[in-house]
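Taking it in order: structure first as structure tokens, then the write-up.
The values are calculated or read from the model by the stated rules, or taken from the named source; none is laboratory data. Just so we're clear, the structure is a prediction, and the values are computed from it rather than from any experiment. A quick note on method: Cβ atoms are made from the backbone with ideal geometry, for glycine too, and the neighbour counts reach across all protein chains shown. Ligands, DNA and RNA are stripped out before the accessible areas are found, and what is left, the full protein with its side chains, is counted by its heavy atoms. Shrake-Rupley method; radii C 1.70, N 1.55, O 1.52, S 1.80 Å.
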Amino acid sequence: DREPDVSREAQRGGSVNRTHWNLISATDGASLIILSLPVGECLATLEALNDELPPGTIITDTASLKAPILLWARAHLRPDLHYVGGHPLRRPEAPAASAFAGSAYCLTPDAGSDPEAVRVATDLVHLLEARLLYLDAEEHDSLIMALQGVPALAAAAMYLSLTGTEEPTTDLAAVREALPREITRLGEITSALWSPDLTQGNRDAAARRLDGLISALTVVRRSLDDPDPAPLATLLDGMRAARAQWEQTKAPAVGWETGDTGSRSDSWRRIFGMR
């Protein structure tokens with residue numbers, strides 16, 4: 001990390017055993033490199049490392065969007081380097097060696113991914129004791145838009161409704177003070193997800209998800225005008241019931257890898273009809 005305080009905290013938490021300020025020196029001799037950076041910085045770092053790494057080096061990442069990085073890797077990464085997209089869905093509040101235990105971790109190989117590189121990335125996820133899910137990169141990004149992007153855009157809309165203008169000129173200190181913490185947090189997600197590196201596919205996915213949210217909001221809005229409280233009560237009861245069921249079962253969803261690793265590192269190939 002470029003911030004010395006972050007590096008020191010990672011060492012104190014047992015996440016790393018050595019830090020280095022220089023990118024090339026930090027990656028010297030590494031056979032596996034993990035980029036824990038936003039999408040735009042991942043692309044810039046890959047470009048900087050492209051001519052520096054020895055053949056066979058495996059690169060993965062933790063960025064929230066996978067398609068833009070995969071497209072760049074297909075077009076520009078040296079053929080003797082291997083990229084496998086990754087995304088841990090838990091963002092630990094503090095570094096710790098056990099930070100990802102039991103949490104969801106997505107890997108997004110494609111039909112051109114090197115099988116050994118996928119195996120190494122798979123072993124990494126299991127070493128972290130996380131739950132592994134293989135996803136297509138575009139499918140992953142569409143889901144992230146639904147889970148993070150659209151709520152973040154909704155937070156931006158809420159901010160707009162509170163300020164009354166896209167570019168407010170008045171002092172918004174009082175408004176910002178009143179904003180719920182979650183709206184502020186989602187606003188930070190907006191900044192992380194929306195960058196010039198987004199592909200049109202990401203924008204299309206966000207538009208579809210946002211349209212679905214608008215339709216759902218319309219239904220909820222109409223229920224507020226309904227003198228019969230039953231429709232809104234049914235919706236809220238359904239949410240509570242779904243949460244209770246999840247708490248009771250917490251069963252792995254279809255596609256989760258559990259148990260011993262065995263030959264499971266090849267199961268990603270079934271996504272693309274490969275054997």
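Descriptive notes on the structure:
- Dipole check for segment 12-149: with +1 at the C-beta of Lys and Arg, -1 at the C-beta of Asp and Glu, and the Cα centre as origin, the magnitude is about 460 Debye.
- Fraction of accessible area attributable to carbon and sulfur, segment 15-162 (%, probe 1.4 Å): 56 percent
- In segment 1-81, one over the average inverse separation of all distinct C-alpha pairs is 13.6 Å, which is the Kirkwood hydrodynamic radius.
- Residue (of 62, 44, 25) at the positive-pole extreme of segment 15-81, dipole from beta-carbon charges: 62
- Cut-off 13 Å between beta-carbons: net charge of the residues surrounding residue 94, Lys and Arg +1, Asp and Glu -1: +1
- In segment 68-161, taking the dipole from charged Cβ atoms about the Cα centre, the farthest positive-side position among 150, 107, 75 is held by 150.
- Accessible surface ranking for 76, 140, 1.4 angstrom probe, highest first: 76, 140.
- DSSP beta bridge pairing in segment 1-109, given as percent antiparallel to the nearest 5: 35 percent
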